[in-house]
Structure formats: structure tokens, C-alpha cells
Amino acid sequence: MMVRLFCCGFVLLASGASAADSPTGWFEVKGAHVTVTSNLSLDAAKRAVVLAETTRSALLAAAWPGATLPQDRLRLVVFFSHQDFQFYFGDFVPHMDGVGGFPPTVFLYGLPDLWEKRSTEELEVTTSVLKRVLMQHLELFFYRRLPRWFWVGLSEFFETLRFSAEGKAASFGGINVVARSLYFSHRTLDVKDALAWGSTFNPRDEATLLGLRGLSWLMVEWMYSTHLPEFVRFQTFLMSGMDPTKAWNLVLPKEVTANIDRELNFYARYGSLGGSAVPLPAGNFTSDGGRPLTSAEVHAVRAEAALAGERPKEVAAEVSAALADDPGNVTALRLQLPLLKPAERLALARRASVAHPNDDLAWLLLGDALKDTGEAPEERRAAYKKATELSPDHPLAFSALAAMAIEAGKPQEAMTLALTAVQMAPWDPTLLDTLASALAAVGRCSESVSMEARAVDRATESGDASRSVYATRLAEIHKTCNEAPTSKLTE
């Protein structure tokens, strides 16, 4: 994907009921890139989709003008009640990322009109959970390496994006009231902590995380406002796959960073904190008519929330309730399968594919269950192929087929399939690892190293227990490269 860096520096089952009526009170509404699953009213869910699609388009235009992402998808699960959200996730977070699966899921709460809050005196944006969620999702498509401070700081920077009255332009940059307050409230942290965040520095306490959030915003704001050429170059390096620490040291030499913490503090107090404006592309942002969710689907959604909130008892209870209502419910079965023996998994997966023959996830489930048994490779391949036919924008089946092609000694076929998967979900370490293996198999050694490094990054970011496996593979690829270097990193 070609990305033009702009002048300012940013380089399951259909119910027979009508959509207006939902016995469960839950709906699913889809836009071109965003799906909302919610117990808001149907009209409110539709507004949420349109707002998300409009905001997504504005963020793309402001940060990466001219870029298009036709394949990205995001699912927002929105609880009407804050208390309902708190039950799963507590009161500390305004949103929570889901665990695994595709499309990536984020849990929110409240009416879309309340997702952006402004101060009553100066009407400055103080929080915008939607912009932060969308920005952190979009960043993953542009940067091959993405240090956590930059990932968080850039999303905080774009929380300040505001639409013009006519909706034809947007302004961004300048002060983020909340982020600056967090910076001043947690002054025990410095830039070296932010640079190490997510690699050698992984705090869990609320105060440190809030302080890092404020400091990360300030680092992005400072670079954008006072070191714009270096900021552009830094992003270019991240897009090319360069190690983030190396990129930082290249664009900001020691004479610039010698007193950087003092300079940042001065800038936060007295800097200009100016903003920029960008024209917005015209767009007709709409949603489909929506559909009501069945009782089984609602239980499955709540099981996903309980999994993200680390509430295993609720996961088990909701999965059981979902399967009692629909024994073939694919989402519930996917959550249940890891607890079963391989033979039991296969029986349940076959049941799901029979009950839901037009559901791509049912066929993906069958392929994965066949993989666990180590039997019937042709049936397994056929199941994954069926999944790609039913849902050509779902990456997991493509990656599974790529892994099978590598095993079969067909590296070129694996390359095409693995690249397709990563283009749709560049944040998934499993997909990145498969592509790295395919690159190594065709002799593109240095690209394989870069891809496996991304897998290690993303596994660290998501808390993936397989991080050590990816790190071991990275070391093996490095060794192979040193023994037989082949090609240069290409775009």
C-alpha cells in the first residue's frame, strides 16, 4: 500500500423478526467498515455506525491523506448501561479490547452522543473515546513497527480532531486537556520510560499507565510542533519496519535529546500547542437496516465480554446459555472448544458447519478442529477454502491455508495467501509469523526478519503467551540471514 505523507507531517443467523423489533433488545448494524452490536435502540445503533464511519474517514484524511483501507473492519460492542459495562471491566477504563477473533472487537458503553465530551467553559475536547479507539485501530495498518508510546501518543494527539460547522474540514493538534493534565499529575516518568514501554518496561498500576499516556501525547505533540521534518522521517522509518529505538536515535541525535525531559516540561507549560486543518473528502456514510440478535447470540456477546474482562465463571455460564438456546452457535463453540478433547472438538465443529452452512466461522471452526486431530488434510483444506469463499475479507482462513501450503512445500502459494491475511489484520502475531515463515521459504530473508520482529512486537502488546515462541523464531531467522543473506527489505 502506497501512503502519501502530507505536508504537515503524517507521513449468524438472520432472525425472522423485523429489525425494528428485537425480543432480546440487541441489534447488529453494519457500515462499510464498522459494525455495531448493541442493546441501544436501533436508531441509536445506526447513529453510532454513521458517526464511527464519518470519524474514521476524517482521521484517515488528517493523518494519512490519500490513503485508503478498503479491507479494514472493526466491531464495536456497545452496552447501553455504564453499570452493565462496569460489571465486566470495572470503572477504570472507558473501553476494552476484545480477545482474539476477527474483526477486532472493542467494548464501549453509552449513547454515541456522549462518546465525545467537551469542557463547559471553552468547549475544548476533553475526551473522545471513539477517536482514540479508531485511531489506535488505523495505526496498525500503516506502521510495520509501532512502539507503544507512539501508538498511544498519536491517538491522544488526534483526540483533538474537530469537524468544521459545515463538515467539510477538520482541525487537529493543539492541547489535549486530559493528556496534559495526566502528564503534570505523574511527573516521576521520563522519556526513557516511554521509549521502553511495551518492551523492557511493562507497568500494570493505574498511576503509571496514566502518566505514560500523558507523556506519550506530549512527545508526539512536541515532535509535530517543533521537529516536524524529524517527525516525518521517524514515521517513514516505522513504516519501513525499522527498529523503533534505532529510528528514534537516528532522527533525534543526542544533542537534541540531551535535555529532552526538561524541554518537554517547558513546552507543556509555555509552548504554542498550535493546531492544523485539513479538508475532508466527501462521503455518503450510511448503515444497513440492522438485524435483531437472537438470545443465543446475546449470550455469546456477553461471553466475549466476560472473556475480555477476565471473568471465567461468567464465560462458562454465558457459553452454556448460548449453546442451550442454539447448540450450533459458532461464537459459543469457539469459546468452548479449547476446554475439550480434540475428538470432541471435531464433533462439535461438524455440528456447527451442518447447522450454519453459510457461516464462514463454522467452516473455520471445522478446519481448526481437523488440525487439532491431525487427520484428513484434504477435508481441512476444503473447510478453510469454504471459509474464504463465504467471507473473502476474513484473514484467519487465508493464513491457515498459507500454513498448509508451507507444510506442502508450496512457498509461493503460501506467500500470496499469507500476505492477503496480513493486509486484513496486520496486528495479529500469528498471521505475521506465518507470513515471516513464507518469506523465509522463498528466500526473502531480511523481510522475514522484519515480519517476525513485528510478530514479537504485537505478541508483547497483546500479552500473547506465544511471544517467546516468536522470539525464538526471530533468533533462528537472524542466524539463517547471517549465514546466507539474500535480499533487501522491500515495500
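Given Arg473, Arg444, Arg467, which one is at pLDDT 90 or above, farther than 23 Å from His394 by Cα and surrounded by 15 or more Cβ atoms within 10 Å (Cβ to Cβ)? If you could, list the steps in order and put the result at the bottom.
Values: Arg473 fails: at pLDDT 90 or above; Arg467 fails: at pLDDT 90 or above.
Only one candidate qualifies: Arg444.
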inquiry  = Pull out all pairs, ordered by first then second residue, where Cβ-Cβ is under 7 Å, the residues are six or more apart or on different chains, the first lies in the stretch 318-337 and is in a helix (DSSP H, G or I) and modelled with pLDDT under 90, and the second is among the aromatic types (Phe, Trp, Tyr) and surrounded by fewer than 22 Cβ atoms within 10 Å (Cβ to Cβ).
reply    = none
note = Every listed condition ((1) surrounded by fewer than 15 Cβ atoms within 10 Å (Cβ to Cβ); (2) closer than 20 Å to Trp217 by Cα; (3) among the charged types (D, E, K, R)) holds for Glu166 save (2)
remark   = Across the stretch 188-232, the tally of residues that are under 22 Å from Phe158 (Cα atoms), in a helix (DSSP H, G or I) and not β-branched (Val, Ile, Thr) stands at 22
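If you take the residues of the stretch 319-374 that are among the polar types (S, T, N, Q) and within 18 Å of Arg302 (Cβ to Cβ), which of them is surrounded by the fewest Cβ atoms within 10 Å (Cβ to Cβ)? If you could, list the steps in order and put the result at the bottom.
So the first thing to find is which residues in the stretch 319-374 are among the polar types (S, T, N, Q), and the list is 320, 329, 331, 336, 353, 358, 373.
Now narrow it down to the ones that are within 18 Å of Arg302 (Cβ to Cβ): 320, 329, 331, 336.
Working: Ser320: 14, Asn329: 30, Thr331: 22, Gln336: 20.
Out of the qualifying residues, it is Ser320.
Answer with yes or no whether Phe87 is more than 29 Å from Ala400 (Cα to Cα), over 19 Å from the mean Cα position of the chain (by Cα) and modelled with pLDDT of 95 or more. Give the derivation first.
Details: more than 29 Å from Ala400 (Cα to Cα): yes; over 19 Å from the mean Cα position of the chain (by Cα): yes; modelled with pLDDT of 95 or more: yes.
Answer is yes for this residue.
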Residue pairs meeting the criteria (Cβ under 7 Å; at least 6 apart or on separate chains; first farther than 13 Å from Thr286 by Cα and small (Gly, Ala, Ser), in the stretch 49-70; second modelled with pLDDT of 90 or more and not in a loop (DSSP other than H, G, I, E, B)) = Ala62/Phe158; Ala63/Phe158; Ala67/Leu60
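Tell me, please, whether a residue that is closer than 29 Å to Pro104 by Cβ and basic (Lys, Arg) can be found in the stretch 283-294.
Filtering the stretch 283-294 down to residues closer than 29 Å to Pro104 by Cβ leaves 283-294.
Narrowing the set further to residues that are basic (Lys, Arg) leaves 291.
Within the stretch 283-294, one or more residues are closer than 29 Å to Pro104 by Cβ and basic (Lys, Arg).
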key: In the stretch 87-108, the residues that are of a type in the set (D, E, K, R) and in a loop (DSSP other than H, G, I, E, B)   = Asp91
inquiry  = Taking the condition of being more than 12 Å from Val78 (Cβ to Cβ) and modelled with pLDDT of 75 or more, how many residues in the stretch 1-45 meet it?
reply    = 10
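crowded, with 20+ Cβ neighbours inside 10 Å, farther than 19 Å from Val315 by Cβ and touching a strand residue (DSSP E or B) at 6+ places or on another chain (Cβ under 8 Å) - does that describe any residue in the stretch 79-87?
Just the residues of the stretch 79-87 that are crowded, with 20+ Cβ neighbours inside 10 Å, to begin with: 79, 85.
Next, from what is left, pick out any that are farther than 19 Å from Val315 by Cβ: none.
No, the stretch 79-87 contains no residue that is crowded, with 20+ Cβ neighbours inside 10 Å, farther than 19 Å from Val315 by Cβ and touching a strand residue (DSSP E or B) at 6+ places or on another chain (Cβ under 8 Å).
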query = If you go through the stretch 282-297 one residue at a time, do you hit one that is modelled with pLDDT of 95 or more, in contact with a helix residue (DSSP H, G or I) (Cβ under 7 Å, 6 or more places away or on another chain) and assigned to a helix (DSSP H, G or I)?
reply = yes
query = Restricting to the stretch 56-84, what's the tally of residues that are in contact with an Asp or Glu (Cβ under 9 Å, 6 or more places away or on another chain) and in a helix (DSSP H, G or I)?
reply = 3
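Let's see how each residue does on (1) assigned to a helix (DSSP H, G or I); (2) modelled with pLDDT of 95 or more:
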residue: Lys386; (1), (2): yes, yes
residue: Ala405; (1), (2): yes, yes
residue: Ala418; (1), (2): yes, yes
residue: Trp427; (1), (2): no, no
residue: Thr430; (1), (2): yes, no
residue: Val449; (1), (2): yes, no
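Tell me, please, whether a residue that is among the hydrophobic types (A, V, I, L, M, F, W, C), more than 19 Å from Ser155 (Cβ to Cβ), modelled with pLDDT of 90 or more and touching a helix residue (DSSP H, G or I) at 6+ places or on another chain (Cβ under 6 Å) can be found in the stretch 62-76. Break it down stepwise before answering.
Step one: list which residues in the stretch 62-76 are among the hydrophobic types (A, V, I, L, M, F, W, C), which gives 62-64, 67, 69, 74, 76.
Subset that is more than 19 Å from Ser155 (Cβ to Cβ): none.
So far as the stretch 62-76 goes, no, none of its residues is among the hydrophobic types (A, V, I, L, M, F, W, C), more than 19 Å from Ser155 (Cβ to Cβ), modelled with pLDDT of 90 or more and touching a helix residue (DSSP H, G or I) at 6+ places or on another chain (Cβ under 6 Å).
The values are calculated or read from the model by the stated rules, or taken from the named source; none is laboratory data. Small disclaimer: the values here were computed from a predicted structure and weren't measured. So basically every Cβ, Gly included, is an ideal-geometry build from the backbone, and we count neighbours across all protein chains shown.
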